Amino acid sequence: MVKGMKVLMTLGMATFLSASLISCQGSMNTKAANALPDSALVEGWEDGLKKEEAIGHKDTVGRGMLAKRLKEPIYIPVDTLSPLRKDSLEIWIKNEKRRIRDSVRLALDKFPKHIYFTFDDGPLLGSAAIDSISRAKNVKINVFLVGKHAYMSKALKRDFELYYNNPLVECYNHSYTHANNRFTTFYSNPISAYDDFEKNEVELKLKHKIIRLPGRNIWIYDDVRRVDLQSGASTADMLYTNGYRIFGWDVEWKIHGLTGKPIQSVDEIYTRIRNYMDNKSSMEPNNVVLLMHDDMFRNKKGQQLLSTLIDTIQRNTNYTFEFMRNYPFRY
Ligand SMILES: [Zn+2]
């Protein structure tokens, strides 16, 4: 039905389409690139990779092409002589979106997939176990640390040092005080909040300018800015302006810290990760960030679950465990 339609758009039609698209795709554009066949997408990426090898550096043309296409508005051919009725057009848009998503998904599935295990609020009871599990399983992990906790006891200072000296662990910034768990008050003064992160960096001698905001799922890095709650946004913007990258999470795993009883079982959390990876619904396709907290693994039960999750991923997928420093891998 749509085949052969003229690629023309009248002003009246444009107004109508804009209105009907606001809820799903944002602004409209009619770039011919949107009509590229899948093979061209993959070839384009491969060309980019070849160029990258030739010139010997990473930022190149093909990179991110598939991921970008997932977010692009769709291309709408319009026949001015016999325009589609509103409901048929909506069906057409829906089908077209599905077609693009499916074809990009297939193309992306040919590329590597990356999982990021991130642990917040350490050092806490549980940190030493996480440190040994990462060594035993030989997987890279990311810890977002709270400086204040490292000074609460000799044992926690020692646990922090375990992390710091483990080459499989990268230590990042989760603020010095953890906002004393009064988030709105903390973020109402972005300058003192900023200083709290800076203090943490100095006290813990953190080597990377990578931050997760306490109590907020905010992402600001490269060309991305996504804010869950406005309170926290000014602090995050200030940090980003000063060279920090701010990362949230895609999936959260919750376990009761004292009983070690999971809110979601290993199977549930594993399925969730797989769904994000397969549906390309994470912040960056082919990259899934999992959030956990150190105190979830203070007892044997919890530790066993963490080991089982790692085993399950290693046995059933070819995901690579990565450092947030290298986030995201774009294809
Ligand atoms: Zn936290």
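The values are calculated or read from the model by the stated rules, or taken from the named source; none is laboratory data. Fair warning: this is a prediction, and the values are worked out from it, not measured in the lab. Cβ atoms come from the backbone with ideal geometry, glycine included; neighbour counts cover every protein chain shown. Heads up: the accessible areas ignore ligands, DNA and RNA and are worked out on the full protein's heavy atoms, side chains in. Shrake-Rupley method; radii C 1.70, N 1.55, O 1.52, S 1.80 Å.
Within region 301-331, how many residues turn out to be closer than 18 Å to K254 by Cβ and open to solvent by 10 Å² or more (accessible area, probe 1.4 Å)?
Here the count works out to 7.
Residue check, K207 against (1) modelled with pLDDT under 95; (2) in contact with an Asp or Glu (Cβ under 9 Å, 6 or more places away or on another chain), all met but one. Which one?
Against the list (1) modelled with pLDDT under 95; (2) in contact with an Asp or Glu (Cβ under 9 Å, 6 or more places away or on another chain), K207 comes up short only on (1).
Return yes or no: is H208 touching a residue at least 60 places away in the same chain (Cβ under 8 Å) and open to solvent by 20 Å² or more (accessible area, probe 1.4 Å)? Write out each step before concluding.
Values: touching a residue at least 60 places away in the same chain (Cβ under 8 Å): yes; open to solvent by 20 Å² or more (accessible area, probe 1.4 Å): yes.
In short, yes.
So which pairs qualify, if the first residue must be in region 277-288 and basic (K, R), the second must be crowded, with 22+ Cβ neighbours inside 10 Å and outside any strand (DSSP E or B), the Cβ gap must be under 7 Å, and the two must be at least 6 apart or on different chains?
Correct list of pairs: K280/L108.
Within region 282-300, which residues are farther than 26 Å from A107 by Cβ and either open to solvent by less than 20 Å² (accessible area, probe 1.4 Å) or out of contact with any Lys or Arg (no Cβ under 9 Å at 6 or more places or on another chain) (or both)? Working first, answer last.
Quick first cut of region 282-300, residues farther than 26 Å from A107 by Cβ only: 291-300.
Selection gives L291, M292, D294, D295, M296, F297, R298, N299, K300.
Could you list all residues from region 265-281 that are of a type in the set (K, R) and open to solvent by less than 30 Å² (accessible area, probe 1.4 Å)? Lay out the reasoning, then the answer.
As a first pass, look at region 265-281 and keep what is of a type in the set (K, R): 272, 274, 280.
Matches in region 265-281: K280 only.
Please go through region 234-264 and give me each residue that is among the polar types (S, T, N, Q), open to solvent by 20 Å² or more (accessible area, probe 1.4 Å) and touching a helix residue (DSSP H, G or I) at 6+ places or on another chain (Cβ under 8 Å), ordered by number.
Looking only at region 234-264, we keep the residues that are among the polar types (S, T, N, Q), and these are 234-235, 241-242, 259, 264.
When the remaining residues are screened for being open to solvent by 20 Å² or more (accessible area, probe 1.4 Å), the result is 234, 241-242, 259, 264.
Once the filter is applied, which keeps residues that are among the polar types (S, T, N, Q), open to solvent by 20 Å² or more (accessible area, probe 1.4 Å) and touching a helix residue (DSSP H, G or I) at 6+ places or on another chain (Cβ under 8 Å), region 234-264 yields S234, N242, T259, Q264.
Working only within region 149-178, note down all residues that are within 16 Å of the ligand (Cβ to nearest atom) and open to solvent by 70 Å² or more (accessible area, probe 1.4 Å).
Applying the first criterion (within 16 Å of the ligand (Cβ to nearest atom)) to region 149-178 yields 149-150, 152, 156, 160, 163, 171-178.
If the condition is that a residue be within 16 Å of the ligand (Cβ to nearest atom) and open to solvent by 70 Å² or more (accessible area, probe 1.4 Å), then M152 is the only one that fits.
Consider N181 against the criteria (1) surrounded by fewer than 22 Cβ atoms within 10 Å (Cβ to Cβ); (2) of a type outside the set (G, A, S); (3) away from the ligand (no atom under 15 Å from the Cβ): it satisfies all of them except one. Which criterion is unmet?
Checking N181 against (1) surrounded by fewer than 22 Cβ atoms within 10 Å (Cβ to Cβ); (2) of a type outside the set (G, A, S); (3) away from the ligand (no atom under 15 Å from the Cβ), the one that fails is (3).
Any residue in region 117-134 that is over 19 Å from S153 (Cβ atoms) sitting within a Cβ distance under 7 Å of a residue that is assigned to a helix (DSSP H, G or I) and open to solvent by 10 Å² or more (accessible area, probe 1.4 Å)? List the pairs, counting only those 6 or more apart or interchain.
I133/Q303; I133/S307
Of the residues in region 126-148, how many are open to solvent by 60 Å² or more (accessible area, probe 1.4 Å) and within 14 Å of the ligand (Cβ to nearest atom)?
Selection size over region 126-148: 1.
Condition check: modelled with pLDDT of 95 or more, closer than 24 Å to C171 by Cα, among the small types (G, A, S) and part of a loop (DSSP other than H, G, I, E, B). Does S282 satisfy that? Before the answer, list the steps.
Details: modelled with pLDDT of 95 or more: yes; closer than 24 Å to C171 by Cα: yes; among the small types (G, A, S): yes; part of a loop (DSSP other than H, G, I, E, B): yes.
Here the answer is yes, as S282 does meet what is asked.
When the residues of region 66-125 are filtered to those that are within 16 Å of the ligand (Cβ to nearest atom) and aliphatic (A, V, I, L, M), which remaining residue is least open to solvent (accessible area, probe 1.4 Å)?
Ranking the candidates gives L124 first.
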